[in-house]
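So the structure is just underneath, and the comments pick up after that.
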Amino acid sequence: MPGKVISFVNFKGGVGKTTVSVNVAACLASPGFNKRVLLIDLDPQSSASLWILTNREWEKTVNTNAYYQKTAAALFLPRLKTLFYRTPYKDKIKPHLPDFHLLPASFKMIRLEDDIFNDQAKKRLKGHYKPGDEYGYCLKYFPELRKRFDYVIVDCAPNLYKATVNSVVASDYLVIPCIPDDLSTTGLNMLLKRLAEILRRGESQGWLSNRPQLLGVVQTKKRGGVPESNYRLQDMIETLNQHRREGNPVVTDSSQVLTDHWFSETIKHSTAVREDMPVFLSHPNHQASQDVISVTRWIFERTEGGV
């Protein structure tokens, strides 16, 4: 059975996208789920890579010019035939997550959009360009990844530039982490509109061979007892329903805002980053760990059973 590709997307920064993607990916590889998992860090800020790797290891190996072709940038370098996955943890983590792998990012990936542009410019000069070619890199690589892993989790950059769109259109599912506050819920509406535009253009131009489905919107940094959170949650639900009524191609009948599963606002996630561990390993008895397991189980059940 082929694996599933899930992109975690939001073009607003600071919404906890990396927190959700890193912890869900690691949790899926834990004994409770026992899946082969690849986490792809597609964000030049490299937050996911810095979380899982030690700062020293990342700085001395990954964040170098020599390593650039072994980062997630390799997905966009068609001349390469091999992707270099890392088993990126020390002895304190490795026994718990033997099937967790990372395709890391580096600050050097800030030039990735230029690399894509230059590659496409060369194709245009040679008369080989076809509409949508700039969004077809991951569509070529991801089928092979589905054979090797049960889950491919992509932590996308906080934008909808070409690299992010590549991951989106090659994914089976999308997850949108979103803070239940005014700015984030407004951004959710804009994000869904833009995703719809991308899919519709791809289908009309004939280059979109895969239609990703929105699995769900996960509340992040949720604060208990704060009335605004409940108000904005209702806004998020209505926004999703409105897009469903309007026929947004990314929103299915099963797409939903998670109301019983969320990531609470807690300092424990920051502590886990300093310890280079996912939070459910660094603080197994804390509510933050229960949040991770709860959201992961929801994603697992939905993707294993189909939506």
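The values are calculated or read from the model by the stated rules, or taken from the named source; none is laboratory data. Predicted, not measured: the structure shown is a model, and the values here were computed from it. Positions of Cβ are generated from backbone atoms using ideal geometry, with glycine treated the same way; all protein chains shown enter the neighbour counts.
What about Thr271, is it under 24 Å from Arg201 (Cβ atoms), without any contact (Cβ under 8 Å) to a residue 60 or more places away in the chain and of a type in the set (Val, Ile, Thr)? Even if it seems obvious, please write down each step before you answer.
Details: under 24 Å from Arg201 (Cβ atoms): no; without any contact (Cβ under 8 Å) to a residue 60 or more places away in the chain: yes; of a type in the set (Val, Ile, Thr): yes.
Considered against the rule, which asks whether it is under 24 Å from Arg201 (Cβ atoms), without any contact (Cβ under 8 Å) to a residue 60 or more places away in the chain and of a type in the set (Val, Ile, Thr), Thr271 comes out as no.
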All-but-one check, Ile267 against (1) surrounded by fewer than 16 Cβ atoms within 10 Å (Cβ to Cβ); (2) under 20 Å from the mean Cα position of the chain (by Cα); (3) β-branched (Val, Ile, Thr), failing number (2)
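Look at Thr266 and say whether it is of a type in the set (Val, Ile, Thr), in contact with a helix residue (DSSP H, G or I) (Cβ under 9 Å, 6 or more places away or on another chain), without any contact (Cβ under 8 Å) to a residue 40 or more places away in the chain and farther than 29 Å from Cys138 by Cβ. Please lay out each step first, then the result.
Numbers: of a type in the set (Val, Ile, Thr): yes; in contact with a helix residue (DSSP H, G or I) (Cβ under 9 Å, 6 or more places away or on another chain): yes; without any contact (Cβ under 8 Å) to a residue 40 or more places away in the chain: yes; farther than 29 Å from Cys138 by Cβ: yes.
Yes.
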Evaluation of Trp262 against (1) in a helix (DSSP H, G or I); (2) closer than 16 Å to Ser21 by Cα (one fails), failing number:
(1)
If you check every pair at least six apart or on different chains, which have Cβ atoms under 9 Å apart with a residue in the range 123-141 that is without any contact (Cβ under 8 Å) to a residue 40 or more places away in the chain first and a residue that is not charged (D, E, K, R) second?
Lys123/Tyr129; Tyr129/Gln120; Tyr129/Ala121; Glu134/Ile116; Glu134/Phe117; Glu134/Gln120; Glu134/Val165; Glu134/Asn166
In the range 49-68, residue nearest to the chain's Cα centre (by Cα) [restricted to those that are among the β-branched types (Val, Ile, Thr) and either surrounded by fewer than 18 Cβ atoms within 10 Å (Cβ to Cβ) or not in a helix (DSSP H, G or I) (or both)]:
Thr54
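Could you tell me whether Lys130 is part of a helix (DSSP H, G or I), out of contact with any Leu (no Cβ under 7 Å at 6 or more places or on another chain) and basic (Lys, Arg)?
No; evaluated as a whole, the condition is false for this residue.
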Pick from the range 138-160 the residues that are touching a Ser or Thr at 6+ places or on another chain (Cβ under 7 Å) and part of a helix (DSSP H, G or I): which of them is surrounded by the fewest Cβ atoms within 10 Å (Cβ to Cβ)?
Leu139
Taking the range 194-244, which residues are at pLDDT below 90, over 22 Å from Ala288 (Cβ atoms) and in a helix (DSSP H, G or I)?
Pro227, Tyr231
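The rows are residues; the columns are (1) surrounded by fewer than 21 Cβ atoms within 10 Å (Cβ to Cβ); (2) over 18 Å from the mean Cα position of the chain (by Cα); (3) of a type outside the set (D, E, K, R).
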residue: Pro98; (1), (2), (3): yes, yes, yes
residue: Ser106; (1), (2), (3): no, no, yes
residue: Gln120; (1), (2), (3): yes, yes, yes
residue: Gly136; (1), (2), (3): yes, no, yes
residue: Lys162; (1), (2), (3): yes, no, no
residue: Val175; (1), (2), (3): no, no, yes
residue: Asn189; (1), (2), (3): yes, yes, yes
residue: Leu192; (1), (2), (3): no, no, yes
residue: Gln205; (1), (2), (3): yes, yes, yes
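Among the residues of the range 16-33, which ones are of a type outside the set (S, T, N, Q) and either on the phi < 0 side of the Ramachandran plot or modelled with pLDDT of 95 or more (or both)?
Lys17, Val20, Val22, Val24, Ala25, Ala26, Cys27, Leu28, Ala29, Pro31, Gly32, Phe33
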Sole residue being over 22 Å from the mean Cα position of the chain (by Cα) and in a loop (DSSP other than H, G, I, E, B), chosen from Pro249, Pro284
Pro284
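Okay, residues lined up against (1) surrounded by 18 or more Cβ atoms within 10 Å (Cβ to Cβ); (2) out of contact with any Phe, Trp or Tyr (no Cβ under 9 Å at 6 or more places or on another chain); (3) on the phi > 0 side of the Ramachandran plot:
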site: Asp235; (1), (2), (3): yes, yes, no
site: Glu238; (1), (2), (3): no, yes, no
site: Thr252; (1), (2), (3): no, yes, no
site: Asp260; (1), (2), (3): no, no, no
site: Val273; (1), (2), (3): yes, no, no
What number of residues within the range 70-95 satisfy the criterion of being at pLDDT 90 or above and either surrounded by fewer than 15 Cβ atoms within 10 Å (Cβ to Cβ) or not in a helix (DSSP H, G or I) (or both)?
1
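With Ser270, Ser294 as the choices, which residue is at pLDDT 80 or above and assigned to a helix (DSSP H, G or I)? Reasoning before the result, please.
On the way: Ser270 fails: at pLDDT 80 or above.
Within the list Ser270, Ser294, the selection yields Ser294.
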Being in contact (Cβ under 8 Å) with a residue 40 or more places away in the chain and in contact with a helix residue (DSSP H, G or I) (Cβ under 8 Å, 6 or more places away or on another chain) narrows it down to one of Val165, Val154, so name that one.
Val154
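Check whether at least one residue in the range 1-15 is of a type in the set (Gly, Ala, Ser) and modelled with pLDDT under 95, and report yes or no.
Our first condition is that a residue be of a type in the set (Gly, Ala, Ser); within the range 1-15, this holds for 3, 7, 13-14.
If we keep only those that are modelled with pLDDT under 95 too, we end up with 13-14.
Scanning the range 1-15 turns up at least one residue that is of a type in the set (Gly, Ala, Ser) and modelled with pLDDT under 95.
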